[in-house]
Amino acid sequence: MEHSPIWVTRSSMPDFEEYIAEIKPLWESHFLTNMGVKHQELEVQLKRFLGVEGIALFVNGHNALECALEAMGLHGKVITTPFTFSSTTHAIVRKGLTPVFADIKADDYTLDPACIEPLIDDETCAILPVHVYGNLCDVDAIQAIADRHGLKVIYDAAHAFGVFRGDVSAASFGDASMFSFHATKVFNTIEGGAVCFHDPALKELLDQWKNFGITGTETVEYIGGNAKMNEFCAAMGLCNLRHLDREIEKRKAVAERYWERLEQLPGAVISRPQEGITPNYAYLPVVFEDGFGATRDEVCEALRAEQIYPRKYFYPLVTDYDCYRDRFDSSLSPVAKHVSDRVLTLPMFADLALEDVDRICDIVAAARH
Ligand code: T4K
């Protein structure tokens, strides 16, 4: 039987008519961007959903993170993880800061608090952990370290929209959190992102940094860039937010089918949701340990041969990128290296049919020698 290709993810979209109704007023107003009504409405709704006082929307998550680092006036070293997407480290480096890499935990792949403190020195200004795959970092231990040393904590929460600890959202931890609303995320605005924060002074600063540093009709106080979310993206967000609960419910069914099947395969390590955490089922990482009977790359090839396209999020480690290899040493983060060499993120999206999950798991199982 002929099957259509299956990609690692597929964007969630509202009904066409729903989106058209949402953008129709833009044809009347002719206001297409620069913090218009859709932008303002999305900010209000996201504040409510995330339970935060402070939010600023951005054109994408990466620029949101860069602007947060700028607006917080950071200088010096930032302790972070090498097990992430390029954006996290690039934001640090592009803002003139120096990344210092700490290792990750073997159970949830987030920054290991035990590895942070020995790396802190007089030049350290911040910690930038990543809630990777939507797994929440050890936020209490990280905050305790930051408080002891007077450091800022900025979370890369690109994967963690819709993740809650009790009734507290992932947006509430540290000084600030960046979310990505990219097309591939659990909640998307086509391209988009946000910074959530506690210090009310950051609102004005972030809104100015993302708008060329303009502070008044005839004043420009900062050397800012242009990182505003436009009205069409905000409208997509307003539509997608209405369906988020259902999307996450559908992802849950997909994840549970995967876990049920993969748990029967010794050496295929999955990560079940953390205790006390409401997950968002953003990704479906599987670590193929040496006893599995096939390498990660062999499993990947077997799936590709059937037009199924998983991804090696996150391989290579950031510290092994061509642009960083000469400056950093991956052997200093052995856990991250181990996971990065063995992890495969399998297709995961709300509309993935359970029969397709079964087919994927059959191919994974058959890849063993
Ligand atoms: N921090 C972390 C930890 C991140 O993971 C990311 C982004 C960021 C920061 C930065 O946030 P943004 O600035 O992007 O808002 C994708 C995404 O582009 C990227 O947003 C994401 N992380 C990263 C993990 O994945 P690629 O290069 O792997 O995407 P691509 O184009 O290969 O797409 C993957 C699959 O998704 C496709 O095979 C099909 C599907 N897809 C893709 C697009 C573009 C859709 O269904 N619809 C689409 O519109 O980076």
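The values are calculated or read from the model by the stated rules, or taken from the named source; none is laboratory data. Just so it is clear, the model here is predicted, and its values are computed rather than measured. FYI the Cβ positions are ideal-geometry reconstructions off the backbone, even for glycines, and counts take in every protein chain you see.
Annotation: Ala365 fulfils all but one of (1) closer than 27 Å to Ala114 by Cβ; (2) in contact with a Leu (Cβ under 8 Å, 6 or more places away or on another chain); (3) of a type in the set (Gly, Ala, Ser); the unmet one is (1). Within segment 316-352, the set of residues being of a type in the set (Lys, Arg), surrounded by fewer than 18 Cβ atoms within 10 Å (Cβ to Cβ) and within 30 Å of Ile248 (Cα to Cα) is empty.
Test Phe161 against the stated conditions and say whether it is closer than 24 Å to Lys228 by Cα and in contact with a Lys or Arg (Cβ under 9 Å, 6 or more places away or on another chain).
The answer is yes for Phe161.
For the residues Gly216, Gly225, Gly166, the requirement of being within 18 Å of Arg48 (Cβ to Cβ) and surrounded by fewer than 24 Cβ atoms within 10 Å (Cβ to Cβ) singles out Gly166.
Results for (1) surrounded by 15 or more Cβ atoms within 10 Å (Cβ to Cβ); (2) assigned to a loop (DSSP other than H, G, I, E, B), shown as yes or no for each residue.
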residue	(1), (2)
Glu17	no, no
Met35	yes, yes
Leu46	yes, no
Leu57	yes, no
Glu66	yes, no
Phe83	yes, yes
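Remark: pairs (first residue in segment 250-275, assigned by TED's automatic domain parsing to the domain that holds Pro347 and under 23 Å from Cys300 (Cβ atoms); second residue in a loop (DSSP other than H, G, I, E, B) and at pLDDT below 95; Cβ separation under 7 Å; 6+ apart in sequence or on different chains) = Trp259/Arg272. If the condition is being buried (at least 16 other Cβ atoms within 10 Å of the Cβ) and either closer than 27 Å to Val163 by Cβ or among the acidic types (Asp, Glu) (or both), then segment 279-298 contributes Pro279, Asn280, Tyr281, Ala282, Tyr283, Leu284, Pro285, Val286, Val287, Phe288, Arg296.
Conditions (1) part of a helix (DSSP H, G or I); (2) out of contact with any Ser or Thr (no Cβ under 6 Å at 6 or more places or on another chain); (3) more than 16 Å from the ligand (Cβ to nearest atom), marked per residue:
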position	(1), (2), (3)
Pro285	no, no, no
Glu298	yes, yes, yes
Tyr315	no, no, no
Arg325	no, yes, yes
Lys337	yes, no, yes
Ser340	yes, yes, no
Leu344	no, yes, no
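The numbered conditions (1) hydrophobic (A, V, I, L, M, F, W, C); (2) touching a Lys or Arg at 6+ places or on another chain (Cβ under 8 Å); (3) more than 17 Å from His90 (Cα to Cα) are all true for Leu303 except (2). Entry remark, segment 80-117: residues being free of Cβ contacts under 8 Å to residues at least 40 places away in the same chain and either at positive phi or not assigned by TED's automatic domain parsing to the domain that holds Ser180 (or both) number 1 in total. The sole residue among Ser180, Ser172 that is buried (at least 16 other Cβ atoms within 10 Å of the Cβ), among the hydroxyl-bearing types (Ser, Thr, Tyr) and within 14 Å of the chain's Cα centre (by Cα) is Ser180. Of all residues in segment 170-213, which are within 11 Å of the ligand (Cβ to nearest atom) and of a type outside the set (Val, Ile, Thr)? Within segment 170-213, Met178, Phe179, Ser180, Phe181, His182, Ala183, Lys185, Asn188, Glu191, Gly192, Gly193, Ala194 qualify. On the stretch given as segment 139-163, residues that are in contact with a Ser or Thr (Cβ under 8 Å, 6 or more places away or on another chain) and either surrounded by fewer than 19 Cβ atoms within 10 Å (Cβ to Cβ) or not in a loop (DSSP other than H, G, I, E, B) (or both) total 4.
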